[in-house]
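Quick note: the coordinates plus some simple rules give every number you see, no bench work behind them. Remember, it's a predicted structure, so these values are computed and weren't measured experimentally. Here the Cβ positions follow ideal geometry from the backbone for every residue, glycine too, while neighbour counts run over all protein chains shown.
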Amino acid sequence: MEQPSDRVTVASKAVESAGGKLEAYYLMFGQYDGFVIVDLPDSRAAAATSLAVSSTGAFEHLDTHELIEAEDLNPILEQAKGITAQLPVGAARIGASPSASKTSWLTRLSPPA
């Protein structure tokens, strides 16, 4: 990256190469220095993009989260009702993710110290 102002272009090209689109790129104060919202085709593309970006060392910390649309909540709850595993009390809960044509991702960025 020639100049720090190139970050948006670099991030956008990385997301596009994974079949996605950069929706928003913000700088911010607080625990994280940046916030990126991207639209990627699926979880695999999001994981690959996250790994590719984090492997550059350009960021000290990178969190990637799948966003679930509010209208997907009821189908998720219905699917959860059908899961009949005998989990011990306090065991981690596993949630199902409906297949969707659009997956949005939230990524918070922290440059290295």
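By how many nm would the segment from A24 to D6 grow when fully extended, if each residue of separation counts as 0.36 nm and the alpha-carbon distance is taken off?
Value of the extension gain: 5.0 nm.
How far apart, in nanometres, would the label points at S43 and E71 be if each is projected 7 angstrom from Cα along the Cα-to-Cβ direction?
Result: 2.3 nm between the two label points.
Hey, fewest Cβ within 10 Å first, where do S55, S17 land in order? Working shown, then result.
Values: S55 8, S17 12.
Listing S55, S17 from fewest to most nearby Cβ atoms yields S55, S17.
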